1. Can you give the charge dipole size of the chain about its Cα centre, rounded to the nearest 20 debye, using +1 on the beta carbon of Lys and Arg and -1 on the beta carbon of Asp and Glu?
2. In what sequence, largest accessible area first, do ASP128, ASP252 appear using a 1.4 Å probe?
3. Whole angstrom only: what separates the Cα centroid of the stretch 153-167 from the Cα centroid of the stretch 52-91?
4. Using a 1.4 Å probe on the protein heavy atoms, what percent of the accessible area of the chain belongs to carbon and sulfur?
5. When a/c reaches 1.5 or more, the comparison of a/b and b/c decides; with that in mind, is the stretch 84-140 rounded, prolate or oblate per its Cα gyration tensor?
6. Given a 1.4 Å probe and heavy atoms of the protein chains only, how would you sort THR195, THR35, largest accessible area at the top?
7. Which whole number in µm²/s is D for the stretch 115-228 by Stokes-Einstein, with the Kirkwood Rh taken over Cα pairs at 20 °C and 1.002 mPa s?
8. Give me the percent relative contact order of the chain, please, defined on Cα pairs under 8 angstrom at least 6 residues apart.
Amino acid sequence: MGVWADQPSLFGPDPDEPLVKPAGTSLIPMRVMITVKAAPNPSQVYGETVCVAGIRLDTDRPQWVRLYPINFRALEDERQFRKYDVVKLRARPSSRDPRPESFRPELGSVVGDGRMSTWERRRPFVVDLVNKSMCQVFQDARDGRPGSVASMAAIRPRKVQDLEIRPHPGWSPAEKKKIDAYVRQLALDEDGPRTPLQAPRFKGWYRYLCQSPDCKGHLQGLYDWEFVRLQRRLTGLDDAEAIAELRSKFLDTMCAPDRETVFYVGNMQKRMSSFIIGGVFYPPVGTRR
């Protein structure tokens with residue numbers, strides 16, 4: 001696995017300096033490179049919601065932002081975006097979520113502003129945020145107060161040991177309740193029944209060692225929309241064949257020795273000390289600024 005030397009920030013202040021969420025709930029304009037589109041979750045109001053994360057490009061130094069909720073079913077075509085698209089939007093600091101990176105987006109304000117189309121263009125912004133081991137991120141979360149420590153990070157694994165894939169058990173009773181409530185509703189401007197969100201076929205977990213010399217290993221769930229989307233395209237394969245295709249993409253390719261793999265990790269609002277993987281950055285070894 002390729003190794004990047006830890007280095008000072010290219011963009012000025014210390015990247016370990018904690019974020020401070022603005023006071024109040026006023027709309028804030030921002031320009032964001034999208035790095036994470038998490039797998040959709042059931043919502044009673046929207047049918048499904050997606051947590052999106054990215055790197056702000058309008059600040060003195062690149063910094064994380066979490067945008068939630070986003071209902072992609074409701075987004076007009078011109079407001080749809082992909083990973084590594086750059087978007088302009090307005091968002092409010094989330095009053096319901098103490099995490100410093102969390103904002104509630106105004107969906108009608110989303111406007112595309114180009115795309116970081118190559119690894120070379122994306123790399124400086126991502127690398128600038130790779131500054132801690134996963135063990136250190138966990139330690140910070142245990143030691144800090146909610147809202148006082150970063151809840152997102154870019155982690156450079158020392159060794160990816162495996163991608164464990166198991167059948168998805170289906171939605172929980174609470175999730176089924178949300179789906180049923182959504183399907184029973186019918187807005188005045190709708191002319192047909194609502195479609196319930198289907199559970200993915202599989203769940204995945206990365207097992208890896210981080211850069212801490214004392215790391216005993218981490219097992220973290222993979223909640224990348226791309227992981228779910230690929231499953232949808234594999235419906236004609238049996239379980240063993242589908243799992244082999246998923247491992248080929250998300251382990252053999254993304255975590256190959258000729259890739260400089262980085263995991264985008266974030267914690268959960270209800271379990272601040274629990275971190276999941278929202279996506280993978282995997283430029284070829286030798287990609288430079």
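The values are calculated or read from the model by the stated rules, or taken from the named source; none is laboratory data. All of these numbers come straight from a predicted model, not from anything done at the bench. Cβ atoms come from the backbone with ideal geometry, glycine included; neighbour counts cover every protein chain shown. Accessible surface is based on the protein model in full, side chains and every heavy atom, while ligands, DNA and RNA are left aside. Shrake-Rupley method; radii C 1.70, N 1.55, O 1.52, S 1.80 Å.
1. Numbers: 46 positive and 36 negative charges, 70 e Å.
In total the dipole reaches around 340 debye.
2. Working: ASP128 15, ASP252 95 Å².
From most accessible down to least: ASP252, ASP128.
3. 25 Å
4. Working: 7270 of 14630 Å².
With neighbouring chains kept in place, the figure for the chain is 50 percent.
5. Taking the square roots of the gyration eigenvalues as a ≥ b ≥ c, the stretch 84-140 is oblate.
6. Working: THR195 85, THR35 0 Å².
The ordering from most to least exposed comes out as THR195, THR35.
7. Working: Rh = 18.0 Å.
Rounded to a whole number, D works out at 119 µm²/s.
8. Values: 580 pairs, mean separation 59.2, N = 289.
Answer for the chain is 20 percent.
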